[in-house]
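S.K.: The structure follows.
The values are calculated or read from the model by the stated rules, or taken from the named source; none is laboratory data. For clarity, every value in this text was computed on a predicted model and none was experimentally measured. All Cβ positions, even for glycine, are placed from backbone atoms using ideal geometry, and neighbour counts span all protein chains on display.
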Amino acid sequence: MPTLFAKKITDVSYNMLKEVEARAILIDVDNTLSMHGSNEPFEGVAEWINYIKSLDIKPIIVSNNSNRRVKLFAEKLNVLYVSDAKKPLKSGFRKACNLLNLDENHCAVIGDQLFTDILGANLIGMKSILIEPIDKNEPYLIRLKRLFEKPIYFIFKYKYYNYES
Ligand SMILES: [Mg+2]
């Protein structure tokens, strides 16, 4: 289970970041910052990253995708990154904390996949914010995982139905 849920990353508010006690946020790329295969961040993402920085919260990208793809977003958004992170294993998240010189319990995870981003956060003991996936043209293996995510989404949405209000 994630700590919090947001429809998209740009909906993640100051209050939510306060609730997950984040001094740094470890952000996924595909379906969180951008569509699978697209080289452009979603609308408003660059502004949102600047907003996060202005709150003195450090954004860092942690993605299982290749160095080539992840570096592109890191450069566009002017943030540090860890590629080939092997989420849900702890190593990528740990590497990100080391890069930021921050303790693991001051970091929170934002991502769209329960079995990589959120499970990984739980394994290392970080709080997490789950983003609703909007890209329906995902690779086969991810679509398969989504089937197993569905019941959890259902429970979570029910539980937090009134969170935003
Ligand atoms: Mg993703």
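S.K.: Hey, Lys76 hits all of (1) within 23 Å of Leu123 (Cα to Cα); (2) surrounded by 15 or more Cβ atoms within 10 Å (Cβ to Cβ); (3) at pLDDT 95 or above but one; which does it fall short on?
M.R.: (1)
S.K.: Please state which one of Ile124, Ile129 is within 15 Å of the ligand (Cβ to nearest atom), among the aliphatic types (A, V, I, L, M) and in contact with a helix residue (DSSP H, G or I) (Cβ under 9 Å, 6 or more places away or on another chain). Before you say what the answer is, go through the steps one by one.
M.R.: Details: Ile124 fails: within 15 Å of the ligand (Cβ to nearest atom).
Result of the check over Ile124, Ile129: Ile129.
S.K.: Could you tell me whether Gly111 is touching a residue at least 12 places away in the same chain (Cβ under 8 Å), within 28 Å of Leu147 (Cβ to Cβ) and out of contact with any Lys or Arg (no Cβ under 6 Å at 6 or more places or on another chain)? It would help to see each step written out before you state the result.
M.R.: Details: touching a residue at least 12 places away in the same chain (Cβ under 8 Å): yes; within 28 Å of Leu147 (Cβ to Cβ): yes; out of contact with any Lys or Arg (no Cβ under 6 Å at 6 or more places or on another chain): yes.
Yes.
S.K.: Restricting to the stretch 98-120, what's the tally of residues that are hydrophobic (A, V, I, L, M, F, W, C) and away from the ligand (no atom under 13 Å from the Cβ)?
M.R.: Applying the first criterion (hydrophobic (A, V, I, L, M, F, W, C)) to the stretch 98-120 yields 99-100, 102, 107-110, 114-115, 118-119.
Right, trim to away from the ligand (no atom under 13 Å from the Cβ) and you get 99-100, 102, 107-108.
Number satisfying all stated conditions: 5.
S.K.: Looking at the stretch 3-10, is at least one residue free of Cβ contacts under 8 Å to residues at least 60 places away in the same chain, surrounded by 14 or more Cβ atoms within 10 Å (Cβ to Cβ) and not acidic (Asp, Glu)? Show your work before the answer.
M.R.: Within the stretch 3-10, the first condition is being free of Cβ contacts under 8 Å to residues at least 60 places away in the same chain, and the residues that meet it are 10.
Imposing the further condition that a residue be surrounded by 14 or more Cβ atoms within 10 Å (Cβ to Cβ) reduces the set to 10.
Next cut, not acidic (Asp, Glu) only: 10.
Yes, the stretch 3-10 has at least one match.
S.K.: Which residue pairs have Cβ atoms closer than 8 Å, lie 6 or more positions apart in sequence or on different chains, and pair a first residue in the stretch 12-32 that is farther than 13 Å from Ser128 by Cα with a second residue that is of a type in the set (Phe, Trp, Tyr) and at pLDDT 95 or above?
M.R.: Val29/Phe73
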